[in-house]
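Step one of this worksheet: look at the structure below.
The values are calculated or read from the model by the stated rules, or taken from the named source; none is laboratory data. Note that the coordinates shown come from a computational prediction; the quantities given were computed from them, not determined experimentally. Backbone-built Cβ (ideal geometry, glycine too); neighbour counts: all protein chains shown. Side chains included, ligands, DNA and RNA excluded: accessible areas come from the protein's heavy atoms. Shrake-Rupley method; radii C 1.70, N 1.55, O 1.52, S 1.80 Å.
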Amino acid sequence: NSEQFNWDDYLKETESVAAPLHCFRQSRSPPTNDFKVGMKLEAHDPRNVTSVCIATVIGITGARLRLRLDGSDNKNDFWRLVDSSDIQPIGTCEKKGGMLQPPLGFQMNASSWPMFLLRTLNGAEMAPAAFFKKEPPKPVTNCFKVGMKLEAIDRKNPYLICPATIGDVKGDEVFVTFDGWRGAFDYWCRCDSRDIFPVGWCSLTGDALQPPGNNVAITKSSAKIQSSPSKVTRRSMQSPQKSAPVPAQRGRKPGRGKPPGQSAV
Ligand code: MLZ
């Protein structure tokens with residue numbers, strides 16, 4: 001596609017700054033991803049984090065792995081960075097004196113777990129220890145400021161990384177707001193969350209950064225954008241629906257409103 005999202009232009013248009021690298025719990029250059037689809041590893045069950053389970057790499061995306069717990073269904077895939085402390089080589093759990101657990105929602109009878117475990121590991125391609133990278137240290141303080149831009153995982157669609165803005169800061173937490181989505185995907189997280197990345201992360205990892213949504217939030221900064229016709233034009237060129245003018249959609253998704261003539265109750 002010709003109209004690619006460009007951070008430099010976008011930061012200028014929105015008159016905003018990128019959150020500094022040292023605010024994030026991410027390595028300065030993204031870790032290399034050597035994993036291959038089909039490799040197995042140990043992972044903490046996201047739905048039951050005290051359990052260590054066997055997971056299979058289902059997909060590779062930038063510095064992340066798409067994982068599925070062995071014995072689970074295909075509806076609960078999750079994504080982890082290769083330098084996440086949630087994943088480790090097979091054998092780590094046993095070395096530490098732990099026991100591998102069936103995933104929450106194990107599809108078979110619990111009594112068949114020991115046999116299932118033997119079978120799933122038999123002849124499996126295990127991800128080599130060197131593929132797992134050390135998790136970066138936590139930032140010393142929460143140095144995010146309201147208005148700073150970043151790239152963040154959309155937790156409702158965790159395969160997506162999207163342009164976002166710090167909407168609020170409280171103690172160790174930040175409010176991540178997604179540009180152009182009027183709050184529908186926003187969330188609070190710790191400032192050392194592995195789900196937030198500095199501007200430019202996706203272009204370094206080869207991930208596809210999603211363009212901002214079409215829906216303009218009713219804030220001071222959007223009022224500023226709307227007052228300048230040239231900015232509106234450039235902004236709408238970058239949005240997925242190119243023909244839809246941004247100001248017309250204030251407060252409502254296109255095509256979802258009541259038909260004309262029908263009065264609001
Ligand atoms: N198809 C979905 C994706 C939204 C992604 C938003 N990310 C912040 C939707 O339109 O709801």
Computed on Cα atoms, Rg of the range 105-150 relative to 2.2 N^0.38 Å comes out at 2.21
The range 107-219 accessible area per residue, 1.4 Å probe, protein heavy atoms, integer Å², reads 51
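Given N residues in the range 131-214, what is Rg(Cα) / (2.2 N^0.38 Å)?
Details: Rg = 12.7 Å, N = 84, 2.2 N^0.38 = 11.8 Å.
Here the answer is 1.07, to two decimals.
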Carbon and sulfur atoms account, in whole percent of the 1.4 Å probe accessible area of the range 45-177, for 56
Cβ-Cβ cut-off under 13 Å around residue 103, Lys and Arg +1, Asp and Glu -1: the net charge is -2
For the range 15-31, in residue order, the Karplus 3J(HN,Hα) values (coefficients 6.51, -1.76, 1.60; θ = phi - 60°; whole Hz; Gly and Pro = x) are 6, 10, 10, 7, 4, x, 3, 6, 6, 9, 8, 9, 6, 4, 10, x, x
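For the range 1-51, state the semi-axes of the equivalent ellipsoid (square roots of 5 times the eigenvalues of the alpha-carbon gyration tensor), sorted largest first and rounded to whole angstrom.
Working: eigenvalues 233, 64, 34 Å².
Equivalent ellipsoid semi-axes, largest first: 34, 18, 13 Å.
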